[in-house]
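Heads up: the structure comes next, in structure tokens.
The values are calculated or read from the model by the stated rules, or taken from the named source; none is laboratory data. Predicted, not measured: the structure shown is a model, and the values here were computed from it. Reconstructed Cβ throughout: ideal geometry from the backbone, glycine too, with neighbour counts over all protein chains shown.
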Amino acid sequence: MKIIQVTDVHLGRRGEIRYGANLHERLDRCVDHINTRHGDATLCVFTGDLTEAGEAESYADLKSALGRLTVPYRLLPGNHDRRANLIAAFPDNPIDDNGFVQSAFDTPEERLLFLDSLAEGRVTGELCDNRLAWLDARLAEAAGRAAYIFLHHPPVELGLTLLDPLGLERPRRFLDLLARHGNVRYIFFGHVHRDIAGTVDGIPFSAQRGLHARFMLDLVGDEVVEQAPPAYSIVLIDGARVVIHSCDFLENWPLWSPATGERVR
């Protein structure tokens, strides 16, 4: 199974240039690249911060752009989003019984779970009692199958002095719930605008830098934004094997033939 992960689109006003980039154009290029290279993907998951300020116009622009995407998609909110505007613009994007943007996607061998970690008005993320109860029930239903979780906020400290306090609030409740079930194979998230991988409580995780500008790697605490190449992830799941490729879709390097040593582009 091939899953595409895109994160931190931060779509704002049309024509706006933010940190030297037009994010509408960047999203269009991303959609084109996925359509061309990965039209066979099972699903494309957008893990939050779909917009810069949660404005209805931005969701309308996002819907127009994603109307060209040939791969089915799921949308999750991040701290820059507004849940009501997201739901209004995308009524077909699933929500749970409590109105959170949470859903499951099943295959015979796996269950993908999409969590809503938006805490309206806060940068930090939240999984309240209702959201955790939903997750508990969905993991119980998947007993015997591997589960993979997607959300916006990291449930683990990453060694980033400025960003770690802005992750998921009370992550221990979330992680203890996963441990009780024992069938979660991987956690995918965004929010930190960097490519990071590791494990927490024995569960592998990865963050993806996404479409917006990247926070410069600094473990001391200086907040600097760099306009690094945007990326999306190609997630390949095959039984117990999970492989993640980061795709810098705007890069255009010279190409050389390994057979002749000659440049071909």
Could you say which residue among L50, L113, L69, L127 is farther than 26 Å from L178 by Cα, touching a Ser or Thr at 6+ places or on another chain (Cβ under 9 Å) and at pLDDT 95 or above? L50
Select, from H193, H212, the only residue that is surrounded by 19 or more Cβ atoms within 10 Å (Cβ to Cβ) and on the phi > 0 side of the Ramachandran plot. H193
Suppose the filter is surrounded by 10 or more Cβ atoms within 10 Å (Cβ to Cβ), more than 26 Å from D176 (Cα to Cα) and without any contact (Cβ under 8 Å) to a residue 24 or more places away in the chain; does L255 pass it? no
Residue check: is R122 modelled with pLDDT of 95 or more, of a type in the set (D, E, K, R), over 17 Å from the mean Cα position of the chain (by Cα) and outside any loop (DSSP other than H, G, I, E, B)? no
Sort through A84, A88, A65 and tell me the only one that's farther than 19 Å from L118 by Cβ and small (G, A, S). A65
Anything in segment 57-91 that is assigned to a helix (DSSP H, G or I), more than 23 Å from A213 (Cα to Cα) and touching a residue at least 12 places away in the same chain (Cβ under 8 Å)? List them, or say none. R83, N85, I87, A88, A89
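Rundown of residues vs (1) within 15 Å of the chain's Cα centre (by Cα); (2) crowded, with 19+ Cβ neighbours inside 10 Å; (3) at pLDDT 95 or above, yes/no style:
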| residue | (1), (2), (3) |
| --- | --- |
| R13 | no, no, no |
| H38 | no, no, yes |
| S58 | no, yes, yes |
| L62 | no, yes, yes |
Please determine whether any residue of segment 182-190 is in a loop (DSSP other than H, G, I, E, B), closer than 22 Å to G78 by Cβ and under 20 Å from the mean Cα position of the chain (by Cα). yes
Among the numbered criteria (1) under 30 Å from D218 (Cβ atoms); (2) out of contact with any strand residue (DSSP E or B) (no Cβ under 6 Å at 6 or more places or on another chain), which single criterion is violated by N130? (1)
Candidate set from segment 237-265 (those that are of a type in the set (V, I, T) and in a loop (DSSP other than H, G, I, E, B)); member that is modelled with the highest pLDDT: T260
Checking the structure you have, find out if any residue of segment 154-172 is of a type in the set (K, R) and either surrounded by 18 or more Cβ atoms within 10 Å (Cβ to Cβ) or at positive phi (or both). yes
In segment 201-236, how many are at pLDDT 90 or above, under 16 Å from the mean Cα position of the chain (by Cα) and in a strand (DSSP E or B)? 9
So, of the residues in segment 125-161 that are assigned to a loop (DSSP other than H, G, I, E, B) and in contact with a Lys or Arg (Cβ under 6 Å, 6 or more places away or on another chain), which turns out to be farthest from I234 (Cα to Cα)? A142
Starting from segment 155-171, take each residue that is within 19 Å of G202 (Cβ to Cβ) and list its partners that are of a type in the set (S, T, N, Q) and buried (at least 18 other Cβ atoms within 10 Å of the Cβ), counting only C-beta distances under 7 angstrom and pairs at least six apart or across chains. L168/S117
